[in-house]
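**Q** Quick one: the structure is below, questions incoming.
The values are calculated or read from the model by the stated rules, or taken from the named source; none is laboratory data. Please read these numbers as outputs of a predicted model, since none were measured by experiment. Backbone-built Cβ (ideal geometry, glycine too); neighbour counts: all protein chains shown. When the accessible area is computed, the model is the full protein with side chains, heavy atoms only, and any ligands, DNA or RNA have been set aside. Shrake-Rupley method; radii C 1.70, N 1.55, O 1.52, S 1.80 Å.
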Amino acid sequence: MASQGSEGLEEQLEEPEDTLRVSPAEEMPVEGPPALEEPEQEPLLLPWDRFSSWLHCICVVGFDLELGQAVEVIYPHHSRLTEKEKTSICYLSFPDSNSDLVCCFGLYLERIFELHDISLTVYACVCVSLLQSLVLISKLPYVTFFHSLLKLIAPEYFEKQEPFLEAACNDIDRWPTPCPGKILTLPIMGVVMKLRIPTCYDKPGTYQLVQSAPSDSLVSIVLPTVHEVDLFRCFHPVFFHIQMLWELVLLSEALVVMAPSPAESSDTVLALVSCISPLRYCSDFRPYFTIHDSEFKEYTTRTQAPPSVILGVTNPFFAKTLQHWPHIIRIGDMKQAEMAKQMKVKKLKNLKTLDSKPGVYTAYKPFLNKDEDIIKQLQKGVQQKRPSAAQNAILRRYFLELTQSFIIPLERYVASLMPLQKSISPWKSPPQLRPFNQEEFMKTLEKAGPQLTSRLKGDWIGLYRQFLRSPNFDGWFRNRRKEMMQKLEALHLEALCEEDLQLRIQKHTEVETVDLVLKLKEKLTQAEKDQLPVKPGTLPKLQAHIESIILTLPEDLQGILHKPPSP
């Protein structure tokens, strides 16, 4: 019969893993720990490894007036795209005007990430000139950086064709990998770009300044951000309704952005998604959606409610086919004299064509009272011709403070679901988190609600109840629950490392000791795989414990236990 130590570990081992269902937007890569924790020297990399850390591939789409569009070049040549993916890229990169444009669109590329057995949303940036498009495809959401990169290489490519593209890709393959927190200088065809890779610890809109140095004499372009769009420029036509838009995005409502160009469509959708940062938007979003998209029929049908997704469109056809969607944002140029007219929310029945006036078309009634101060502040900035960067900073700070006021009570309550550290025993499975109780949380709002940090009045309780039914809450809570469970696992490992295991195994039989070693090795492997937040030195200490226990066993068993596990 196994001892208590082996039973506890065995019980923990047999617990089913918490499987998470994540949306395409949630699957986007997120920045890891600060760069200081990364090794200074990169491991040995193979050709195209560095390129692949930035881009999956670069495509050239040609347009023939008789034959239609086709992917003419994929670089590097070993990059794989299915025929369906090529078709999607062709349609999405088809120019809707004779002028050059740079836009971004969400795209599902199933085979790129086949090891994950899931489809991920990747970002594709496209630059169009005459009868060709140059398309960058990447899993990284660094759209501002890729826009700048396209503006550099596209004109040269359209003039010099494939030899230039090959040379540019070779430059990219010499770039360092995009390590979070690092300031990088990236040479590309005689131009040097300087930028900083963001981390998950950065606050939205608080750019880490890229300091100039004596060695920067060759730097041509300095990017203050690689991923954030200009919020005020995107929301300027509808800035009287920014607070309502924040609520709609927070609640994962079905939204359509109708814009005059793919670039404006893309930027506005990305601005909407980012306005609830640091809360992660966990529904789907399509910065540039066309009638050729595989979900076109699903999204335009009137037989079921629209899904929780934000669409960006430009085709006038959508003004009719998406008229049944509950919330539609019409983006366009607006003259100063027209500003006052957009203060009222417009009725959906008044949206008949894409030429309708800019504004928000919805029957939605916001939960919170309108914040007149931020409107006056932005309006004053327009009148005084305040720089766009300053307006953008004001708006980002406003959204950040609003989101933080909303999320802090949730964070405080969820932290109370964590068991006390003294309840953690090394020889028992880690204690479980208490379940989230909606009514219990609601009761905490009376004394510790958003009124502590926000001056806004309104139906906060109603807003929370609606949020708790949304994909954004589901994604946020699953992530927080996963983090807390990993913390419990880390505390359990640390408690194990403090035990005198040599003394413990004196009471074990040989079979029980082998069983303990196997379970400890499995916990160590899992901890390394999950990158558990343990104290420095914990995992080496556990490895040393395992080695010392193995040495107490007969030589034949030592040889077996020292063998690496079979794949």
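**Q** Of the residues Glu512, Glu528, which single one is among the acidic types (Asp, Glu) and at pLDDT below 85?
**A** From the options Glu512, Glu528, the qualifying one is Glu512.
**Q** Something else: Within the bounds of the stretch 429-436, is there any residue that is open to solvent by less than 20 Å² (accessible area, probe 1.4 Å), on the phi < 0 side of the Ramachandran plot, modelled with pLDDT under 95 and not in a loop (DSSP other than H, G, I, E, B)?
**A** no
**Q** Taking Gln486 and the conditions (1) open to solvent by 60 Å² or more (accessible area, probe 1.4 Å); (2) at pLDDT 90 or above, which numbered condition does it fall short on, given that it satisfies the others?
**A** With (1) open to solvent by 60 Å² or more (accessible area, probe 1.4 Å); (2) at pLDDT 90 or above applied to Gln486, the lone miss is (1).
**Q** Of the residues in the stretch 455-472, how many are of a type in the set (Phe, Trp, Tyr) and open to solvent by less than 20 Å² (accessible area, probe 1.4 Å)?
**A** Selection size over the stretch 455-472: 2.
**Q** Looking only at the stretch 225-236, decide whether some residue is modelled with pLDDT under 90, among the polar types (S, T, N, Q), touching a helix residue (DSSP H, G or I) at 6+ places or on another chain (Cβ under 9 Å) and over 23 Å from Glu85 (Cβ atoms).
**A** yes
**Q** Pairs under 6 Å by beta carbon, first residue closer than 30 Å to Leu456 by Cα in the stretch 345-372, partner modelled with pLDDT of 90 or more and aromatic (Phe, Trp, Tyr), six or more apart or different chains?
**A** Pairs that qualify, where the first residue is closer than 30 Å to Leu456 by Cα and the partner is modelled with pLDDT of 90 or more and aromatic (Phe, Trp, Tyr), are Lys346/Tyr361; Leu348/Tyr361.
**Q** Among the numbered criteria (1) in contact (Cβ under 8 Å) with a residue 40 or more places away in the chain; (2) farther than 27 Å from Leu248 by Cβ; (3) not hydrophobic (A, V, I, L, M, F, W, C), which one does Thr509 miss?
**A** Failing condition for Thr509: (1).
**Q** Report, by residue number, each residue of the stretch 139-163 that is open to solvent by less than 20 Å² (accessible area, probe 1.4 Å), part of a helix (DSSP H, G or I) and either touching a helix residue (DSSP H, G or I) at 6+ places or on another chain (Cβ under 6 Å) or more than 12 Å from Ile58 (Cβ to Cβ) (or both).
**A** Val143, Phe145, Ile153, Tyr157
The rows are residues; the columns are (1) touching a strand residue (DSSP E or B) at 6+ places or on another chain (Cβ under 9 Å); (2) acidic (Asp, Glu); (3) within 21 Å of Arg396 (Cα to Cα).
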site	(1), (2), (3)
Pro237	yes, no, yes
Leu245	yes, no, yes
Glu264	yes, yes, yes
Asp267	yes, yes, yes
Leu270	yes, no, yes
Tyr281	yes, no, yes
Phe285	yes, no, yes
Lys297	no, no, no
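**Q** Next question, about the same structure. Out of the residues in the stretch 489-534 that are open to solvent by 80 Å² or more (accessible area, probe 1.4 Å) and part of a loop (DSSP other than H, G, I, E, B), state the one that is nearest to Leu433 (Cα to Cα).
**A** That would be Gln531.
**Q** Right, next: Kindly provide the set of residues from the stretch 377-403 that are surrounded by fewer than 18 Cβ atoms within 10 Å (Cβ to Cβ), assigned to a helix (DSSP H, G or I) and basic (Lys, Arg), ordered by number.
**A** Within the stretch 377-403, Lys380, Arg397 meet the criteria.
**Q** Turning to a different aspect of this structure: Scanning the stretch 286-305 for residues that are β-branched (Val, Ile, Thr) and free of Cβ contacts under 8 Å to residues at least 40 places away in the same chain, which turns out nearest to Cys90 (Cα to Cα)?
**A** Of everything passing the filter in the stretch 286-305, Ile291 is nearest to Cys90 (Cα to Cα).
**Q** Does Leu452 satisfy the criteria of being loosely packed, with under 15 Cβ neighbours inside 10 Å, of a type outside the set (Phe, Trp, Tyr) and modelled with pLDDT under 90?
**A** Taking the combined requirement at face value, the residue does not satisfy it.
**Q** If you don't mind, there's one more thing I want to ask. If you go through the stretch 417-428 one residue at a time, do you hit one that is under 30 Å from Lys370 (Cβ atoms) and among the charged types (D, E, K, R)?
**A** Looking for residues that are under 30 Å from Lys370 (Cβ atoms) and among the charged types (D, E, K, R), one finds none in the stretch 417-428, hence no.
**Q** Also: Could you grab me the full set of residues in the stretch 406-425 that are out of contact with any Lys or Arg (no Cβ under 9 Å at 6 or more places or on another chain) and within 22 Å of Glu247 (Cβ to Cβ)?
**A** Phe406, Ile407, Ile408, Pro409, Arg412, Tyr413, listed by residue number.
**Q** Here's another thing I want to ask about it. Taking the condition of a type in the set (D, E, K, R), out of contact with any Leu (no Cβ under 6 Å at 6 or more places or on another chain), at pLDDT 90 or above and open to solvent by 10 Å² or more (accessible area, probe 1.4 Å), does Glu166 pass?
**A** yes
**Q** What are the pairs with Cβ atoms under 8 angstrom where one residue, in the stretch 147-172, is within 16 Å of Val73 (Cβ to Cβ) and the other, located anywhere, is of a type in the set (Val, Ile, Thr) and assigned to a helix (DSSP H, G or I)? Sequence gap at least six, or different chains.
**A** Listed by first residue and then by second, the contacts come to Phe164/Ile153; Leu165/Ile153; Ala168/Ile153.
**Q** Further, regarding this structure: If you take the residues of the stretch 445-466 that are touching a strand residue (DSSP E or B) at 6+ places or on another chain (Cβ under 8 Å) and of a type outside the set (A, V, I, L, M, F, W, C), which of them is nearest to Ser416 (Cα to Cα)?
**A** Ranking the qualifying residues of the stretch 445-466, first place goes to Asp459.
**Q** So which helices (runs of 4 or more DSSP H) are wholly in the stretch 236-318 and hold at least 1 residues that are crowded, with 21+ Cβ neighbours inside 10 Å?
**A** In the stretch 236-318, the matching helices (runs of 4 or more DSSP H) lie at 242-250, 262-274.
**Q** Okay, moving on. Given the options Tyr207, Tyr299, name the one that is at pLDDT below 90 and either more than 22 Å from Ser138 (Cα to Cα) or touching a Gly at 6+ places or on another chain (Cβ under 8 Å) (or both).
**A** Tyr207
**Q** Another question, if that's okay. Report every pair of residues separated by at least 6 positions or lying on different chains whose Cβ atoms are under 9 Å apart, first residue within the stretch 186-205 and touching a residue at least 60 places away in the same chain (Cβ under 8 Å) and closer than 23 Å to Lys151 by Cβ, second of a type in the set (A, V, I, L, M) and part of a strand (DSSP E or B).
**A** Ile197/Ile183; Ile197/Leu184
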